[in-house]
1. Go through (1) in a helix (DSSP H, G or I); (2) in contact with a helix residue (DSSP H, G or I) (Cβ under 6 Å, 6 or more places away or on another chain); (3) more than 21 Å from I277 (Cα to Cα) for A149 and report which single condition fails.
2. Restricting attention to region 91-140, which residues are of a type in the set (S, T, N, Q) and in a helix (DSSP H, G or I)?
3. What's the number of the condition G100 fails, among (1) surrounded by fewer than 17 Cβ atoms within 10 Å (Cβ to Cβ); (2) at pLDDT 95 or above?
4. Which one of these is touching a His at 6+ places or on another chain (Cβ under 6 Å) and touching a residue at least 40 places away in the same chain (Cβ under 8 Å): F248, F241, F233?
5. Can you tell me which residue is nearest to K142 (Cα to Cα) among those in region 239-278 that are part of a loop (DSSP other than H, G, I, E, B) and either open to solvent by less than 10 Å² (accessible area, probe 1.4 Å) or among the β-branched types (V, I, T) (or both)?
6. Of all residues in region 279-313, count the ones that are closer than 24 Å to Y49 by Cβ, in a helix (DSSP H, G or I) and open to solvent by 90 Å² or more (accessible area, probe 1.4 Å).
7. Does G115 satisfy the criteria of being in contact with a Lys or Arg (Cβ under 9 Å, 6 or more places away or on another chain), open to solvent by less than 50 Å² (accessible area, probe 1.4 Å) and not polar (S, T, N, Q)?
8. If I ask for residues that are within 21 Å of P236 (Cα to Cα) and either among the charged types (D, E, K, R) or open to solvent by 50 Å² or more (accessible area, probe 1.4 Å) (or both), which ones from region 144-173 would you list?
Amino acid sequence: ESNSKILKEMFSELDIYYGEQGMREISLLTDADISVSALVGIAGLEPTYNLIRNGMTVALANKEVLVTGGELIIKTAKDSGATLLTVDSEHSAIMQCLNGEQNNPIDKILLTASGGPFFDKEITDYITVSDALNHPTWNMGKKVTIDSATMMNKGFEVIEAKWLFDVDPEKIQVVVHRKSLVHSMVQFEDGTIMANIGPKSMEIPIAYALNYPTRLKNNIEKLDLFEINNLVFEKPDLEKFKCLALAFEAIKRGHSYQVVLNAADEVLVGAFLDEKIKFTDIPKTIEKVMDMFESQKLNSVDEILDLDKKAKNLTLKLINK
């Protein structure tokens with residue numbers, strides 16, 4: 001609030017927005033060419049829903065919008081004629097592979113994953129916060145880095161892909177690719193696989209979404225295929241990475257379970273970062289929380305936020321026990 005007052009004094013001719021109220025007001029503006037939804041967590045749901053309801057073009061940089069609001073967001077976008085783009089590197093890759101392929105049915109989406117720090121290591125009760133934050137290829141925020149270590153991040157991306165590209169979960173395959181150079185692929189019914197390969201830089205998917213479908217020139221160093229030498233793809237172990245299996249289970253059980261999955265994970269990752277629980281407690285407790293809820297139809301943002309709150313409170317109770 002104090003910063004907004006300073007800005008208002010410096011730039012009296014500008015409208016200054018801040019806090020939840022400001023976020024709501026911005027999300028109701030309709031004179032922009034494109035909006036980017038980059039708020040962290042479920043806080044991004046309501047403002048993004050407002051933009052979509054008003055038929056805006058929205059570039060998603062927030063996983064929780066589709067993980068928690070998937071069914072409602074997609075239905076609203078269809079009703080309002082809103083355009084949904086994505087700046088997530090994997091979903092941008094899929095979007096690029098599908099460009100011009102509207103009449104060709106998808107056989108399989110091949111969603112690539114780095115595998116995180118524990119793909120080729122044992123997961124034990126003794127994993128520390130610093131162990132889990134030591135990501136092999138990407139420099140990200142703490143929450144998403146822990147989600148990458150449990151592979152829940154990839155589980156969220158599976159849910160996003162299901163809603164964004166209108167495919168059954170059976171048609172989404174997670175492929176571990178440690179070099180993170182193939183950003184994702186699409187296999188078509190004739191057996192052709194289209195792959196998006198490029199430098200490890202978020203500049204490319206961000207620029208692609210903001211100027212869709214025009215590609216902008218940049219100064220990023222191009223890949224030298226002769227230096228890459230080989231591209232290796234491996235299968236993730238769903239027993240070892242139970243969070244990924246739970247994401248597929250949440251899709252199978254329905255929309256409300258995806259809200260519960262996200263809520264429980266958010267609380268548990270926070271508790272692990274605060275060293276209140278073990279790394280191995282994250283998937284165990286998520287599964288417990290999911291089993292404590294019945295399936296329910298979610299018809300509004302308020303109903304989603306209410307379920308999110310209940311699931312978080314229940315997760316906190318289990319941690320405190």
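1. (3)
2. Restricting attention to region 91-140, the residues satisfying the condition of being of a type in the set (S, T, N, Q) are 92, 96, 99, 102-104, 112, 114, 124, 128, 130, 134, 137, 139.
Across region 91-140, the qualifying residues are S92, Q96, S130.
3. So the condition that G100 fails would be (2).
4. F233
5. The residue in question is I277.
6. The qualifying residues number 3.
7. Working: in contact with a Lys or Arg (Cβ under 9 Å, 6 or more places away or on another chain): yes; open to solvent by less than 50 Å² (accessible area, probe 1.4 Å): yes; not polar (S, T, N, Q): yes.
When the stated conditions are applied, G115 passes them.
8. Within region 144-173, D147, K154, E157, E160, K162, D168, E170, K171, Q173 meet the criteria.
The values are calculated or read from the model by the stated rules, or taken from the named source; none is laboratory data. Since this is a predicted model, take the numbers as computed values, not measurements. We place every Cβ from the backbone using ideal geometry, glycine too, and count neighbours over all the protein chains shown. Areas reflect the complete protein model, heavy atoms only, side chains present, ligands, DNA and RNA absent. Shrake-Rupley method; radii C 1.70, N 1.55, O 1.52, S 1.80 Å.
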